[in-house]
Amino acid sequence: MSFSVKTVSALLLMLLPLALAGQQEQHALAAPEAKEVQQTTAFDRGIENSVFVPKGQWLMGGSFSYGENTADNYELLIIDDIRGTNYSFKVSPYFAYFLKDNLCVGARFGYTRSMIKLNSTSINISDDLNFDIENFYNLRHVYSGSLFMRNYISFGKSKTFAFFNEVRLTAGGGQGKHISGTGDALTGSYQDILELELGIIPGLTIFIANNVAVEASVNVLGFSYKKYSQTRDRIYEGSFEHSGVDFKVDIFSINIGVSFYFDKLNLMGPFKKKKKI
């Protein structure tokens, strides 16, 4: 028995609608099974959002740091005969109000002051390249103000330990000056400082009493802008600007502070008139 090309083509055209209908039925039957698979793969991770700090509470606290160093005929790598002293001082009080459970907004104020006084030192890079520095003095201080929003995430249902993430917008300004040399070689400059920063600061809170907690935080991600306007020897003027985005964990910028939590903060109480009986 032999089939012509026309006959085979006609048979294929007749069987094509039947094949398509069969595929549609298979898809229709497989669709409910796919939905059942999707429903069975969904699962609960067991993450619970418990209340760590309730709505309506006030937060007050601050951080403080001070460090001082003195060197006398000290050597460090290529630096010899270091004679001088330096100190750094930083204080930062803050307060906040909890608009929702575990969420607060607030303000922070800061003051930083640092001083370096170097009587003499020698820098020896090689036998043919070395120089001395004498009578160098540098003083710098900056005032700053910040607005921040903080969200707490507790360890399960723990009321003692919690992580927090803080978004902070900071603006600051200050002055700085440095003097070097003696006699006719005396030179000095004066600086106006402007600093802006938008940062993300994660941290950890540990309650050591019912209303007292110890906090540790570190700068991780931030955008910063700095501008220095300088006048040297009261004649020459110059400026320097820097902006950038950083994503890093700096273990030397860890901030330690103590916070106090209050149910009510009646600041206007002493100014209210008492009702006459």
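For the stretch 93-105, the condition of being more than 22 Å from Ile256 (Cβ to Cβ) and over 34 Å from the mean Cα position of the chain (by Cα) holds for none of the residues. Tell me, yes or no, whether the stretch 212-219 has at least one residue that is at pLDDT 90 or above and either of a type in the set (Ser, Thr, Tyr) or farther than 30 Å from Met60 by Cβ (or both). Scanning the stretch 212-219, I find no residue that is at pLDDT 90 or above and either of a type in the set (Ser, Thr, Tyr) or farther than 30 Å from Met60 by Cβ (or both), so the answer is no. Can you pull out the residues in the stretch 154-181 that are within 19 Å of Ala209 (Cα to Cα) and part of a strand (DSSP E or B)? Within the stretch 154-181, Ser154, Phe161, Ala162, Phe163, Phe164 meet the criteria.
To keep it simple, each residue is scored yes or no on (1) buried (at least 16 other Cβ atoms within 10 Å of the Cβ); (2) touching a Ser or Thr at 6+ places or on another chain (Cβ under 6 Å); (3) within 22 Å of Asn69 (Cβ to Cβ).
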site	(1), (2), (3)
Phe98	yes, no, no
Ile133	yes, yes, yes
Leu147	no, no, no
Leu186	no, no, no
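Residues that are surrounded by 14 or more Cβ atoms within 10 Å (Cβ to Cβ) and out of contact with any Lys or Arg (no Cβ under 8 Å at 6 or more places or on another chain) within the stretch 152-166 comprise Tyr152, Ile153, Ser154, Phe161, Ala162, Phe163, listed in sequence order.
Output the number of residues of the stretch 183-227 satisfying the condition of being under 30 Å from Gly238 (Cβ atoms) and in contact with a helix residue (DSSP H, G or I) (Cβ under 7 Å, 6 or more places away or on another chain). Here the count works out to 1.
Residues are listed down the side, and each one gets a yes or a no for (1) among the charged types (D, E, K, R); (2) farther than 30 Å from Glu195 by Cβ; (3) in contact (Cβ under 8 Å) with a residue 40 or more places away in the chain; (4) not assigned by TED's automatic domain parsing to the domain that holds Gly173:
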site: Ile79; (1), (2), (3), (4): no, no, yes, no
site: Val105; (1), (2), (3), (4): no, no, yes, no
site: Phe109; (1), (2), (3), (4): no, no, no, no
site: Ser122; (1), (2), (3), (4): no, yes, yes, no
site: Phe148; (1), (2), (3), (4): no, no, yes, no
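The lone criterion from (1) within 23 Å of Gly173 (Cα to Cα); (2) modelled with pLDDT of 95 or more left unmet by Cys104 is number (1).
The values are calculated or read from the model by the stated rules, or taken from the named source; none is laboratory data. A quick note: this is a predicted structure, and the numbers were derived from the prediction, not measured. Using ideal geometry, Cβ is built from the backbone for each residue, glycine included, and neighbour counts are taken over all protein chains shown.
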